[in-house]
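K.L.:
Here it is, the structure, as structure tokens.
The values are calculated or read from the model by the stated rules, or taken from the named source; none is laboratory data. Quick caveat, the model's predicted, so the values are computed rather than measured. Positions of Cβ are backbone-derived with ideal geometry, glycine not excepted, and every protein chain shown enters the neighbour counts. Each accessible area value is taken on the protein alone, full model and side chains, heavy atoms only, with ligands, DNA and RNA left out. Shrake-Rupley method; radii C 1.70, N 1.55, O 1.52, S 1.80 Å.
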Amino acid sequence: MRLRTTTRLMAWRGLTAAAVATAVAATVALPAQARPATQPRPDALATATRVAETVTGDGVRALTAPETTAGLAVRPATAQGRPVPTLVHRSSRHVSVIAVLDAAHGGAAATIDFANALPKGHQLEPADDGSLIVVDGRTVVGTVAAPWARDARGRSLPTHYRLQADGTLRQVVDTRGATFPVVADPKYSIGFYRVPVWYVEYYWSEMWRNKLIMDRYGAPVSAVVGALCGKIPNAVAKAVCGYLMKRRYSTMKSQLDYGIAHKRCVKVRGAYGIADFFVFSVWTKKCIK
């Protein structure tokens, strides 16, 4: 009995040693075979660069470490908390930071996070067309173009931005059915103009009052426009607000309805004079009172 047990123990030890040796060999070989997230296969990176250049133009290059360009502190993007291959393109007026996604990021809501690249004191605000406005205090100083995303075949994919509380710019891409790699980017344009702006915030009681007026009349009649633009102190801006409210009545009403349904307040941004046509926007935000 003792001989049989000893024989079995030796056989088990031999098997364990063999398994350990195999595991160690695989572990030692792994670094030579694996690639960091920021170093994709050369053919995939070449494809991503080619697709990106169809949108941005020639001159796309790899972004492997944080750098400052055109006053922006750009750095490699992340997805699900891990770095992803990132490209950068600079023209005379724009800087594009382009993330590259592989098949591991497939799905209806693949998220890419771009760290806050703006100078100190600047922040991003939404615009009605899906783009973003860069503001410094009460002055518009730049834009981030509406987001785009394309797969390896050049097919456009649904995408949108989400602003994070810490200043991170998150881009959400629907990659279902995409051919990888997928590229997506925010394109910054900052410092080429300065446009003073005004803000109006509608709080809970004001939102309900405006909603009831809009529901009662069902159209941007004088009573509705007066209620929506009455808080604006500047006469010229108030006149432009009235014109834009009539043109964007449905947008304002949908934001009021959404805000009331989700217990959020409504904020309006506009400019003085004709610039209002370019910076006017309505969105919801967390109520502060």
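K.L.:
Find, to one decimal place in angstroms, the Kirkwood hydrodynamic radius of region 73-180, where the mean of 1/r is taken over every pair of different Cα atoms and then inverted.
P.N.:
14.6
K.L.:
I've got another one for you. Assign unit charges at the C-beta atoms only (+1 for Lys and Arg, -1 for Asp and Glu), then state the dipole size of region 96-138 relative to its Cα centre in Debye, rounded to the nearest 20.
P.N.:
180
K.L.:
Then there is this: Within region 184-216, list the chymotrypsin sites (Phe, Trp or Tyr not before Pro) lying in a DSSP loop whose Cβ has at most 14 other Cβ atoms in a 10 Å radius.
P.N.:
Sites meeting the loop and neighbour criteria: Tyr203.
K.L.:
Still on this model: Can you give the percent of C-alpha pairs in the chain whose distance is more than 26 Å?
P.N.:
Above the 26 Å cut-off, the chain has 56 percent of its Cα pairs.
K.L.:
How would Val95, Val195 rank on accessible area, largest to smallest, probe 1.4 Å?
P.N.:
Reading off the accessible areas and sorting them downward yields Val195, Val95.
K.L.:
What relative contact order, as a whole-number percentage, does region 152-203 give when Cα pairs under 8 Å and 6 or more residues apart are counted?
P.N.:
For region 152-203, the relative contact order is 29 percent.
K.L.:
Quickly work out the Ser205-to-Asp128 label distance, labels modelled 7 Å from Cα along the C-beta direction, and quote it in nm with one decimal.
P.N.:
Placing both labels 7 Å along Cα→Cβ, they lie 2.9 nm apart.
K.L.:
Considering only protein heavy atoms, what per residue accessible area in square angstrom results for region 150-224 with a 1.4 angstrom probe?
P.N.:
Accessible area per residue: 51 Å².
K.L.:
Work out the length of the dipole vector of region 101-255 about its Cα centre, built from +1 on the beta-carbon of each Lys and Arg and -1 on the beta-carbon of each Asp and Glu, and round it to the nearest 20 debye.
P.N.:
560
K.L.:
Just how far, in whole angstrom, is region 60-105 from region 261-281 if you go by their alpha carbon centroids?
P.N.:
What the calculation gives is 30 Å, centre to centre.
K.L.:
Using helices alone, I'd like the mean residue ellipticity at 222 nm for the chain: each DSSP H run of four-plus residues gives -39500 (n - 2.57), total over residue count, nearest 500.
P.N.:
Rounded to the nearest 500, it is -11000 deg cm²/dmol.
K.L.:
Rounded to a whole number, what % of the accessible area of region 139-258 do carbon and sulfur atoms account for, probe 1.4 Å?
P.N.:
That fraction is 53 percent.
K.L.:
Using the beta-carbon distance between Arg162 and Ser222 and R0 = 35 Å, what value does 1/(1 + (r/R0)^6) give for FRET efficiency, to the nearest 0.05?
P.N.:
Here the calculated transfer efficiency is 0.45.
K.L.:
Which whole number of Å³ per residue matches the convex hull of the alpha-carbon atoms in region 146-289?
P.N.:
About 159 Å³ per residue, rounded to a whole number.
K.L.:
Would you mind counting up the charge near Leu157? Only other residues with Cβ under 12 Å from its Cβ, with Lys and Arg at +1 and Asp and Glu at -1.
P.N.:
+2
K.L.:
Which of the listed residues, Cys287, Cys229, Gly273, is farthest toward the dipole's positive end in region 213-289, when Lys, Arg count +1 and Asp, Glu count -1 at the beta-carbon?
P.N.:
The residue sitting farthest along the positive end of the dipole is Cys287.
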